[in-house]
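**Student:** Pasting in a structure now, in structure tokens, and then I'll have a few things to ask.
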Amino acid sequence: MALIRYIPIEPTIPFLEHRLWTMAVGVLIMTVSLVSFAVQGLNFGVDFRGGMLIEIRTHEPADLEDLRSRLGDLGLGPVTLQEFGQPTDVLINLQRQEGAEGEQMAAVNAVRAELGDQVAEYRRTEFVGPRVGEELRRAGMMATILAMLGIGFYIWFRFEWNFAVAATLALVHDIIATVGFFSLTQIEFNLTTLAAVLTVAGYSINDTVVVFDRVREMMRKYKRKSVPAMLNQALNSTLSRTILTSVTTLIALWSLYLFGGEVIRGFTAGLIWGIVLGTFSTIGMAVPLLYYLGVRRPGQSEEEAASQPSARTAGTSQGS
């Protein structure tokens, strides 16, 4: 409760005055994300690309270069290794071998024979066929698209089309930027990190709906207040809620990132980025887009609402 007393009850930050800068930052983030995705793509995990995954624990801290050289000489195709939490934990990725299950087991046995007594424990071995990986990629993409469409229709049903368009465009920004984050960092992109992308979408749209609901409330309450002033007041009146929700969520996520283990580290890293991004997109993208699309008060025609942006460029007063 002490923290709440230090947050201004009614801040008066002129968010709309800086809309061009915030939207420029959003476009820059999207551009960098798309370029990264086009140039280096995603580091697909075994879930999506198919192949074999072997997690081992060695007696001593593993020498990845030595292991990579030795396993590369086995003739099993590209081999990738990465430290998986502890210096003694290593994740080995092998491409799927030509042939049926027998050939896959032969490759695993060859790896085990090469590693010998250096390995203290084989913690898991997973096989995913290329067809299954392709189906999972397709299903993941479809899940993301359907989630965005469902959210857009929900906003349209609950508010109006302009709210739905603004929210959906901000959501597209968040998803592209989150996927770009995984592309830039080359964190393994698998089913778990895909769940992080969808979770970010849900968190972001929840923040946007809270602000949009306040905008709709003020549209009914203030008949003479300028639209920029009304949008600024809606953002400022929900700012304490946004800050407290985001900070407490980030504290929990940082705890998971630091102490939750390597298995969920990619998931929590994506969520940390997504929480910050979702908060930014609500303030810096969704509300400015709503401003440009036009906010229609009850009883106001669409033509009058459409003419508002050009007629109120200087209207940032907070008066009613």
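**Student:** Would you confirm, using the coordinates I've provided, whether Phe157 is part of a helix (DSSP H, G or I), at pLDDT below 85 and of a type outside the set (Ser, Thr, Tyr)?
**Tutor:** Answer is yes for this residue.
**Student:** Also, I was wondering about something else. Return the residue satisfying two criteria in turn: it lies in the stretch 149-175 and is within 16 Å of the chain's Cα centre (by Cα) and surrounded by fewer than 19 Cβ atoms within 10 Å (Cβ to Cβ), and of such residues it is farthest from Met30 (Cα to Cα).
**Tutor:** Checked the stretch 149-175; the qualifying residue farthest from Met30 (Cα to Cα) is Leu169.
**Student:** Mind listing whichever residues of the stretch 216-263 are hydroxyl-bearing (Ser, Thr, Tyr), surrounded by 14 or more Cβ atoms within 10 Å (Cβ to Cβ) and without any contact (Cβ under 8 Å) to a residue 60 or more places away in the chain?
**Tutor:** Thr238, Thr242, Thr245, Ser246, Thr249, Tyr257
**Student:** Output yes when any residue across the stretch 4-24 is within 30 Å of Ser246 (Cβ to Cβ), at pLDDT below 80 and not in a loop (DSSP other than H, G, I, E, B), and no when none is.
**Tutor:** yes
The values are calculated or read from the model by the stated rules, or taken from the named source; none is laboratory data. Source: prediction; values computed, not measured. Here the Cβ is made from the backbone with ideal geometry for all residues, glycine too, and neighbour counts use every protein chain on show.
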